[in-house]
Amino acid sequence: MSGPKPEFVRLTGHRSLTERLVLSTLTGRPLHISQIRPSSPTEPGLAPHEVSFLRLLEAVTNGSSMQISYTGTTMIYQPGLITGAAAGYGATAGGDGNVSVVEHHLPATCRRGVTYFLLPLCLLAPFSKAHMNVRFAGPGVITSATDAGDLSVDSFRTALLPLYDLFGIPAARVELRVMQRSCAGARGAGGAGVVELRFASQVRLPKTLHLHRTPGRIRRVRGVAYATGVSASNNARMIYSAREVLNAFVSDIHVAAQYDQAPLVAAADKDKGGANAKRRMGIGFGLSLVAESSAAGVLYSADVVAPPEGGMVPEDIGKRCAYQLLETISQGGCVSAAAAGTVLTLMAMGSEDVGRLRIGRDVLGTEEMVGLARDLKAFGAHSWGLRDAEDDDSGDIIISVKGIGIGNVGRKVA
């Protein structure tokens with residue numbers, strides 16, 4: 001006989017929706033979320049990007065079920081097995097060989113960057129039965145940073161994916177391909193980029209992390225300046241203004257310049273250009289910077305992109321990104337606010353041992369970190385232990401996290 005079904009985890013609100021769905025999938029606990037934007041007069045319930053993530057979750061799992069109320073303000077999620085791009089579960093053959101790839105289409109109404117989907121997807125990928133190969137396409141794919149706080153694909157690839165090495169998940173077998181860059185379109189929606197994630201580092205159980213030493217000194221800065229559908233000279237102007245700020249602190253600075261043509265999509269008004277009319281979208285420019293410390297595994301990142309409505313010159317983008325990077329470094333700790341949620345979630349899901357992480361006081365006190373601690377507790381994880389770092393006067397906090405041993409049930413045990 002099968003055991004009793006686990007009780008529902010009942011939460012409210014739309015904040016941290018993707019993180020809660022990931023925790024539900026990893027722990028196998030069904031989830032009930034209510035009061036999702038109930039007071040919005042024009043757009044109550046789930047937003048288009050949240051519905052799209054639910055469809056993505058259904059595509060990379062087997063046996064998951066979702067029930068959404070008529071107004072979209074209440075949903076029930078029953079998690080299934082994480083299958084990834086396993087053949088026979090909706091994946092199609094890719095362009096090279098027999099590699100299976102899940103095709104996910106983002107609608108033009110999507111206002112979040114593609115990293116909104118990549119962050120939770122990479123948390124599920126190490127526990128997948130097969131490789132997690134997903135291609136994002138469609139008029140809603142935005143590869144740049146967004147006003148909603150999403151990272152650019154460049155910061156995600158250079159500042160977040162390397163952290164998986166700390167958990168025994170080889171980042172060398174994780175590849176993020178940017179086939180078409182794009183920025184947010186009019187009113188922040190739509191981009192028409194193409195991104196493919198190939199995550200081939202499946203493990204039985206993440207290793208225990210001990211990253212509580214001093215963060216060290218910044219030894220070099222790397223970055224990418226990107227321009228889509230605008231003059232390529234914008235890249236040089238952003239790089240020059242960023243170096244004016246950073247040269248006083250570190251000499252080893254290298255920022256690559258990337259130029260792409262704006263992607264073509266079908267025109268909304270076909271009366272002017274005929275049935276085959278197309279238009280350019282995803283036009284814009286931005287800058288991504290990553291600072292590498294002398295301590296292994298310590299990375300800080302910053303992202304700034306030109307607003308969709310314009311009005312900001314490349315020099316301002318470069319200076320703002322440089323100052324944002326300095327502010328991130330000044331917060332201290334061994335992980336930045338952009339990566340703290342990923343690291344703490346993997347620590348909580350790892351082996352049943354106590355891991356330690358050094359984090360800045362300002363990062364720990366954010367609403368996102370407090371909410372993550374509460375959500376982890378609701379899904380059965382252990383509480384965090386906090387103490388001040390005693391080796392210097394930085395004010396950093398040492399977090400002790402005991403894992404709950406969420407293993408990969410799809411991997412065979414030797």
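The values are calculated or read from the model by the stated rules, or taken from the named source; none is laboratory data. Please read all numbers here as calculations on a predicted model, not as lab measurements. Methodologically, a virtual Cβ is constructed for each residue, glycine included, from the backbone with ideal geometry; neighbour enumeration extends over all protein chains shown.
Just a few scattered comments:
- Only listed residue being among the aliphatic types (A, V, I, L, M), in contact with a helix residue (DSSP H, G or I) (Cβ under 9 Å, 6 or more places away or on another chain), loosely packed, with under 15 Cβ neighbours inside 10 Å and farther than 30 Å from V265 by Cβ, chosen from V313, V370, V343, V363: V370
- Residue within the stretch 135-154 that is in a helix (DSSP H, G or I), within 18 Å of the chain's Cα centre (by Cα) and over 22 Å from I82 (Cα atoms) present: yes
- Restricting attention to the stretch 137-168, the residues that are out of contact with any strand residue (DSSP E or B) (no Cβ under 9 Å at 6 or more places or on another chain), buried (at least 18 other Cβ atoms within 10 Å of the Cβ) and under 28 Å from P206 (Cβ atoms) total 1.
- If only residues of the stretch 306-322 that are in a helix (DSSP H, G or I) and not β-branched (V, I, T) are counted, the one that is nearest to S182 (Cα to Cα) is P314.
- Residue within the stretch 324-335 that is β-branched (V, I, T), surrounded by 19 or more Cβ atoms within 10 Å (Cβ to Cβ), touching a Pro at 6+ places or on another chain (Cβ under 7 Å) and over 20 Å from T18 (Cα atoms) present: no
- Subset of the stretch 219-266 that is surrounded by fewer than 16 Cβ atoms within 10 Å (Cβ to Cβ), among the hydroxyl-bearing types (S, T, Y) and over 23 Å from I329 (Cα atoms) - its residue that is modelled with the lowest pLDDT: S231
- Spans of helices (runs of 4 or more DSSP H) in the stretch 323-392 with at least 3 residues at negative phi and of a type in the set (D, E, K, R): 367-378
- Some residue of the stretch 3-10 being touching a His at 6+ places or on another chain (Cβ under 9 Å) and under 12 Å from L376 (Cα atoms): yes
- Residue count for the stretch 175-200 satisfying the condition of being within 26 Å of A296 (Cβ to Cβ) and crowded, with 22+ Cβ neighbours inside 10 Å: 2.
- Of all residue pairs spaced 6 or more apart or on separate chains, those with beta-carbon atoms under 7 Å, a first member in the stretch 166-195 that is of a type in the set (V, I, T) and a second member that is in a helix (DSSP H, G or I) are I169/P126; V174/L161; V174/Y164; V178/V153; V195/V153.
- Hey, S52 at pLDDT 95 or above and among the small types (G, A, S) or not: yes
Listed here are the residues, each with its yes/no results for (1) of a type in the set (S, T, N, Q); (2) under 24 Å from L211 (Cα atoms).
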site: S288; (1), (2): yes, no
site: V298; (1), (2): no, yes
site: G310; (1), (2): no, no
site: E327; (1), (2): no, yes
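- Some residue of the stretch 373-396 being within 24 Å of T146 (Cα to Cα) and within 22 Å of the chain's Cα centre (by Cα): no
- The set of residues in the stretch 174-209 that are part of a loop (DSSP other than H, G, I, E, B), aliphatic (A, V, I, L, M) and more than 23 Å from G405 (Cα to Cα) comprises A184, A189, A192.
- Qualifying residue in the stretch 92-106 (condition: touching a strand residue (DSSP E or B) at 6+ places or on another chain (Cβ under 9 Å), more than 28 Å from R157 (Cα to Cα) and free of Cβ contacts under 8 Å to residues at least 60 places away in the same chain): no
- Residues (hydrophobic (A, V, I, L, M, F, W, C) and assigned to a strand (DSSP E or B)) located in the stretch 1-52: V9, L11, L31, I33
- Breaking point among (1) part of a loop (DSSP other than H, G, I, E, B); (2) within 14 Å of L346 (Cα to Cα), for G395: (2)
- Residue that is nearest to V114 (Cα to Cα) [pool: residues in the stretch 267-291 that are modelled with pLDDT of 80 or more and small (G, A, S)]: G282
- So L166, is it in a helix (DSSP H, G or I) and aliphatic (A, V, I, L, M): yes
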